[in-house]
Structure formats: C-alpha cells, structure tokens
Amino acid sequence: MHAKRQFARRRLLQGLGGVAIGLPALDIFEGRAHAQAATKKIYSALMLQQNGAIQGNGSDADMFWPRAVGAIDANAMATTDADRTTSELKDYASKLVFVRGLNFRYSRNHDGGPIAASCGSPITGTGTAQLPVSESVDFFIANSLTPGKEPLTLYAGRKGTFRDDAFSFSTGGKLRVGDNNPWNVYQRLIGLAGTDPAVLQKIAARRLSVNDLVRAELKELLGRTDLSKADRDRLDLHFSSIRDLEIDMTKAMGPPPDTAGMQAVNGSHTTDANMEKVVNFQLDLIAFAFASDRARTASLQVGGCNDHTKYMINGVQAPAYHFISHRVMSDGGSGDAIANAVELHHQIDLIHARYFKHLLDKLAAYTLPGGGTLLDSSVNLWVNSVSDGPPHSGNNVPHVLAGNAGGFLKTGLHLKTTGYTSKVLSTIASAAGVRKATGDLVDNFGDPSSTGLITEIIA
C-alpha cells in the first residue's frame with residue numbers, strides 16, 4: 001500500500017530538487033520489538049580546545065576540576081565547586097567522567113598536541129610538519145564500523161594562521177581538513193548541494209525552509225496510523241531543529257549572497273565576534289548528523305593550534321587567547337604582561353565548558369526508540385592540545401568524557417590515573433563498538449607499544 005512506504009529502508013525523506021533529509025531513529029523503522037532488542041549504535045564526538053587549562057599545573061591554582069576525586073557530586077558542583085570550570089557541566093554530573101594524569105607521548109605543544117590528542121601515535125616530521133603515522137580515533141571508528149562512511153570533520157575560526165587543521169587524520173596519517181563554515185556543512189547534511197541557487201537564496205533569507213521541500217513525504221509519514229506519539233515527538237524535535245538552525249545561522253551571519261558565497265572559506269563565520277555562535281552551530285550539526293545517522297563519529301577543532309581568538313569577557317574584548325595563555329602580549333615569553341591573564345584564561349576555559357554542555361544538551365534532547373537518549377548512546381570527549389598555560393606541557397592533559405556508550409562505561413566518576421593518552425583513545429574506540437579481529441576490546445590504538453585501557457571506567 002502506498003501509505004506504508006518503506007521509509008525504514010532508507011531512513012530519509014526525499015524532496016524537491018534532490019533534497020534528502022535524514023530522519024531520527026523511529027519505532028516504525030524496524031518494529032518496536034526489534035528496536036528494543038537490536039544492538040544500539042554508539043556515536044562519538046571529539047572537541048579540541050587549544051592553549052591549555054587552568055588546572056593546577058605549575059604555579060597555577062586549580063580552577064578546573066572538582067575538589068574531590070571519586071564520585072562526581074552534582075550538589076558539590078553547584079555549591080562548593082561552583083567556581084571550577086567543570087561545574088558548568090553540573091546538569092550532567094551522573095553522565096560525566098573526568099580523567100586526569102594522562103600524558104602525551106610522541107608529540108606535544110602547539111605543533112603536535114592536537115595530533116597527540118586524537119592519534120596518540122608515533123609521528124613523522126618535526127615542528128609544524130609533524131604528522132601521525134596512523135589515523136585519528138574518529139576515522140578509525142568510522143572506518144571500522146561504517147567503511148566508506150567518513151567521520152564529520154569540523155573546524156571553528158580563522159585559517160591561514162600558525163597551524164590550522166591538525167586533529168583528524170585518515171589511514172596512514174593523511175590530514176583531513178575541517179570545514180569552518182557551518183552553512184556549507186548544513187547544505188551537505190541536508191542534501192542541498194547542487195540545489196537551484198534561487199531556492200538557496202530563499203532558504204538563506206528565511207522565505208523558505210528545507211522542511212518545505214520535503215513537506216509531501218513528511219505529511220505521508222505523519223499520516224501513518226502506526227506512528228507512535230514518541231515517534232511524532234522525535235520528528236517534531238528533528239524538524240524544529242532544522243528550522244532553528246536555518247534561523248540562527250542567518251541571524252548570526254546574514255544570508256549568503258549566492259552559492260559561491262556560501263561555499264567560501266572566508267567571511268563573517270571566521271570573525272572573533274561570531275566564534276561562540278559558530279562553535280555552537282558546528283556542535284548543533286554534529287548532533288543533527290548523529291540523530292539522522294549521517295555520521296557515527298565527528299570531530300571539532302576549536303581554533304588554530306595557537307588559537308588567537310579574542311573573546312568577549314564581561315563585556316570587554318580580551319587579548320588574543322594565545323597571548324593570554326602565555327601571560328604576555330606575544331606568542332612567546334617576552335612582551336608586556338597581561339595582569340589578569342590567569343583569570344582571563346579561566347574565563348575562556350568556562351566558555352569551552354559551555355561549548356561542551358551545548359553539545360550534551362543537543363544530544364540529550366533526542367530520545368531513542370530502545371530507550372534513553374543520543375547522549376546515552378554516545379561517548380564524547382573534550383580534550384586540550386596542551387595541559388596548561390606556561391609552559392604548555394604535554395603532561396596531565398585534561399580529558400572530560402560524557403555519555404556511557406549504551407552502558408559500556410561507568411560514569412559519574414572523577415579519577416586520576418597514569419600512562420599515555422592512547423589509553424583514553426583505545427577506551428573510546430572500544431566504547432564505540434570497535435573490536436580487534438579476535439573480538440577483544442581495542443587496547444592498542446595509535447601506539448602498539450603502549451597498550452591499555454582506562455579499566456576503572458569500563459562497566
């Protein structure tokens with residue numbers, strides 16, 4: 001019967017001009033009983049901060065972590081630890097893991113810290129020419145679970161600086177370049193590439209929504225009598241998210257003048273004034289890509305490797321973030337001192353914590369047919385390319401994890417451990433569902449000579 005079109009076979013709506021919108025997971029795709037029994041897909045996102053954190057290394061006070069190690073206490077985060085960066089995540093206390101004490105092994109500082117954060121592998125080359133000898137964990141997961149379906153690779157901020165993309169790598173350590181224009185990413189996810197420019201102009205100017213282009217198929221889907229209330233709620237959230245993305249992007253950046261302008265890698269999406277908005281757009285797109293199963297894993301690099309973003313703090317534009325991290329008005333150790341640099345750095349840490357919370361909010365909003373949310377069926381990492389301000393060490397790199405990967409991970413824990421960051425990357429790969437040929441958990445990702453997992457958080 002026409003009314004029973006097999007949406008389950010393609011999990012998307014096809015509309016005018018070739019537009020294809022992925023659908024969220026619905027009960028009707030495979031039947032409720034099957035959906036309950038099926039193995040959940042696990043999603044994973046990595047977000048990279050630059051320039052270190054104020055976490056008690058060297059002469060810095062600890063302004064980052066909860067005061068107590070052990071169980072993460074939501075009440076303490078809201079009260080006695082309210083001054084700590086991680087308390088921005090208090091709403092998700094039971095879903096977090098704080099990991100301290102892991103070190104970069106083969107590369108560090110701005111040249112290689114991002115590589116170490118996502119690959120943990122030996123390197124070739126020196127300085128800004130460093131490359132890993134193997135892939136990053138996002139590509140490893142995607143290539144293992146969905147061959148041919150690459151991870152979503154995103155960036156926020158200007159390019160053409162000290163070193164730009166350095167966080168995602170394919171087989172053999174080949175650099176993957178992240179798209180720093182959310183509008184371009186949105187078009188690809190929705191299937192707008194190649195659409196009539198006049199239609200794109202109307203969408204950009206908010207005279208037309210992508211939802212309008214699939215209205216006929218959406219109406220047919222909503223007309224199904226076997227569509228549960230939960231499914232209807234999921235669809236309403238999904239298509240509301242599309243409309244919100246369209247409105248928010250055009251408010252922040254203005255309607256792109258034409259297709260070429262939308263695809264440009266320069267413009268207002270690279271300005272300091274729009275940095276926070278653009279990061280949140282990119283995180284919105286990660287959640288949307290997961291919800292519509294367009295990607296199983298994603299990465300977002302926030303800023304170049306010595307991020308020069310000038311953030312607004314308490315209504316005042318601060319100096320370049322990298323200058324703040326060095327405590328002086330330069331990229332090195334000389335220059336006029338920035339008197340309140342430590343506090344400014346802490347405020348920028350708080351901004352990055354709010355970025356991560358934004359992602360968690362979006363993932364938590366999507367409920368799944370088998371129970372739980374996208375956050376529950378994911379493992380997400382906020383990591384830094386260096387440990388601290390001066391001296392930009394590669395020791396005690398902060399790792400904040402969120403999501404229990406369908407019950408694979410124990411959460412609500414704050415722990416100190418030892419070893420190299422390949423351990424946390426192996427744990428993420430295993431949590432995402434990757435296994436060795438033997439069926440064992442992956443315990444040697446990136447660095448075969450440094451095996452191990454963070455066993456304390458494996459359920």
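The values are calculated or read from the model by the stated rules, or taken from the named source; none is laboratory data. Everything numeric in this text was worked out from a predicted model, so none of it was measured. Positions of Cβ are backbone-derived with ideal geometry, glycine not excepted, and every protein chain shown enters the neighbour counts.
Summary table
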| quantity | calculated |
| --- | --- |
| Residue within the stretch 357-378 that is outside any strand (DSSP E or B), among the basic types (Lys, Arg), at pLDDT 95 or above and closer than 17 Å to ALA117 by Cβ present | no |
| LEU192, sole failed condition from (1) over 20 Å from ALA291 (Cα atoms); (2) surrounded by 16 or more Cβ atoms within 10 Å (Cβ to Cβ) | (1) |
| Where a residue in the stretch 202-231 is over 27 Å from THR250 (Cα atoms) and its partner, wherever it lies, is of a type outside the set (Gly, Ala, Ser) and part of a loop (DSSP other than H, G, I, E, B), with Cβ under 6 Å and at least six apart | ASP231/LEU26 |
| Condition broken by GLY406, with the remaining ones in (1) crowded, with 21+ Cβ neighbours inside 10 Å; (2) farther than 15 Å from TYR43 by Cα satisfied | (2) |
| Residue check for VAL342: surrounded by fewer than 21 Cβ atoms within 10 Å (Cβ to Cβ), among the hydrophobic types (A, V, I, L, M, F, W, C) and modelled with pLDDT of 95 or more | yes |
| Residue satisfying condition, being over 15 Å from the mean Cα position of the chain (by Cα), assigned to a loop (DSSP other than H, G, I, E, B) and free of Cβ contacts under 8 Å to residues at least 60 places away in the same chain, within set GLY394, GLY407 | GLY407 |
| Any hit, the stretch 202-209, residues being modelled with pLDDT of 85 or more and assigned by TED's automatic domain parsing to the domain that holds ASP244 | yes |
| Yes/no for GLY173 being closer than 22 Å to SER118 by Cα and either modelled with pLDDT of 95 or more or not assigned by TED's automatic domain parsing to the domain that holds ASP447 (or both) | yes |
| Filter result for PRO398 (at pLDDT below 95 and assigned by TED's automatic domain parsing to the domain that holds LEU415) | no |
| The stretch 65-97, residues that are of a type in the set (A, V, I, L, M) and closer than 25 Å to LEU344 by Cβ | MET77, ALA78, ALA82, LEU89 |
| Residue within the stretch 291-310 that is of a type in the set (Lys, Arg), closer than 17 Å to LEU154 by Cα and assigned to a loop (DSSP other than H, G, I, E, B) present | yes |
| Number of positions in the stretch 100-126 that are of a type in the set (Ser, Thr, Tyr) and either over 29 Å from LEU413 (Cβ atoms) or surrounded by fewer than 24 Cβ atoms within 10 Å (Cβ to Cβ) (or both) | 3 |
| Filter pass, ARG163 being in contact with a helix residue (DSSP H, G or I) (Cβ under 6 Å, 6 or more places away or on another chain) and either not assigned by TED's automatic domain parsing to the domain that holds ALA61 or not hydrophobic (A, V, I, L, M, F, W, C) (or both) | yes |
| Selection status of ASP231, of a type in the set (D, E, K, R), assigned by TED's automatic domain parsing to the domain that holds ASP27 and crowded, with 17+ Cβ neighbours inside 10 Å | yes |
| Some residue of the stretch 85-92 being without any contact (Cβ under 8 Å) to a residue 24 or more places away in the chain and loosely packed, with under 13 Cβ neighbours inside 10 Å | no |
| Tabulated pairs, the stretch 411-438, first on the phi > 0 side of the Ramachandran plot, second surrounded by fewer than 16 Cβ atoms within 10 Å (Cβ to Cβ), C-beta under 7 angstrom, 6+ apart or interchain | GLY412/ALA71; GLY412/SER94 |
| Checking LEU221 against (1) in the same structural domain as MET47 (by TED's automatic domain parsing); (2) outside any loop (DSSP other than H, G, I, E, B); (3) surrounded by 17 or more Cβ atoms within 10 Å (Cβ to Cβ), the condition it does not meet | (1) |
| Those residues of the stretch 122-162 which are modelled with pLDDT under 95, of a type outside the set (A, V, I, L, M, F, W, C) and part of a helix (DSSP H, G or I), in sequence order | GLY127, THR128 |
| Odd one out for ILE286, checked against (1) assigned by TED's automatic domain parsing to the domain that holds THR373; (2) out of contact with any helix residue (DSSP H, G or I) (no Cβ under 6 Å at 6 or more places or on another chain); (3) assigned to a helix (DSSP H, G or I); (4) buried (at least 24 other Cβ atoms within 10 Å of the Cβ) | (1) |
| Unmet requirement for LEU46, which otherwise passes all of (1) under 26 Å from GLY172 (Cα atoms); (2) outside any strand (DSSP E or B); (3) not small (Gly, Ala, Ser) | (2) |
